[in-house]
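To start, I am sharing the structure in question, which I have written as C-alpha cells.
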Amino acid sequence: MTSPSKPGKQLLHLVFGGELNSLKDVDFKDLSKLDVVGFFPDYASAYQAWLGKARETIDQAQTRYFIVHLHRLLDPSTEAKKAD
C-alpha cells in the first residue's frame, strides 16, 4: 500500500458486480444493471470496496463482485508481483 506522504506508482483497479444468470459462468443477467462501485488507485483499497459489497450482498447468491486490474490492461508490462 502507498504512503500518503510519498505516493507510489498508481495501479488502477475497477470494482464492479451484478446478478449472474448462473453460478457456473460470468454471464450477467442485465448489463444495464451492473453496479460500478468505483475506480481505485491500488489493490488494497479496491479489495476493501469489494469486500464491503460482497458482504452487503451475501444473501443474494446470484450476485457477484469482481476486481479488475486495469493497470495490467493499460500497461501489460506491469508486473503482477507489485502488492496486488
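Here is a yes/no grid of residues against (1) of a type in the set (A, V, I, L, M); (2) modelled with pLDDT of 95 or more; (3) surrounded by fewer than 10 Cβ atoms within 10 Å (Cβ to Cβ); (4) at negative phi:
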residue: S3; (1), (2), (3), (4): no, no, yes, yes
residue: K6; (1), (2), (3), (4): no, no, yes, yes
residue: F16; (1), (2), (3), (4): no, yes, no, yes
residue: L20; (1), (2), (3), (4): yes, yes, no, yes
residue: L23; (1), (2), (3), (4): yes, no, yes, yes
residue: K29; (1), (2), (3), (4): no, yes, no, yes
residue: S32; (1), (2), (3), (4): no, yes, yes, yes
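Let me ask something additional. Return yes when R72 is out of contact with any Cys (no Cβ under 8 Å at 6 or more places or on another chain) and either modelled with pLDDT under 95 or part of a helix (DSSP H, G or I) (or both) and no when it is not.
When the stated conditions are applied, R72 passes them.
Could you please give the count of residues in the stretch 34-71 that are of a type in the set (F, W, Y) and buried (at least 17 other Cβ atoms within 10 Å of the Cβ)? Lay out the reasoning, then the answer.
Residues of the stretch 34-71 that are of a type in the set (F, W, Y), as a first pass: 39-40, 43, 47, 50, 65-66.
Adding the requirement that they be buried (at least 17 other Cβ atoms within 10 Å of the Cβ) leaves 40, 43, 50, 65.
Matching residues across the stretch 34-71 total 4.
Go through the stretch 18-51 and report how many residues are touching a Phe, Trp or Tyr at 6+ places or on another chain (Cβ under 9 Å) and of a type in the set (G, A, S).
Residues in the stretch 18-51 being touching a Phe, Trp or Tyr at 6+ places or on another chain (Cβ under 9 Å) and of a type in the set (G, A, S): 4 in total.
Can I ask one more? Condition check: in contact with a helix residue (DSSP H, G or I) (Cβ under 9 Å, 6 or more places away or on another chain), closer than 14 Å to V15 by Cα, aliphatic (A, V, I, L, M) and at pLDDT 95 or above. Does V36 satisfy that?
Numbers: in contact with a helix residue (DSSP H, G or I) (Cβ under 9 Å, 6 or more places away or on another chain): no; closer than 14 Å to V15 by Cα: yes; aliphatic (A, V, I, L, M): yes; at pLDDT 95 or above: yes.
No; evaluated as a whole, the condition is false for this residue.
Within the stretch 32-51, count every residue that is under 14 Å from F66 (Cβ atoms) and touching a residue at least 12 places away in the same chain (Cβ under 8 Å).
Looking only at that region, the number is 12.
The values are calculated or read from the model by the stated rules, or taken from the named source; none is laboratory data. Just so you know, these numbers come straight off a predicted model, no measurement behind them. In this analysis, Cβ positions are derived from the backbone assuming ideal geometry, glycine residues included, and neighbour counts consider all displayed protein chains.
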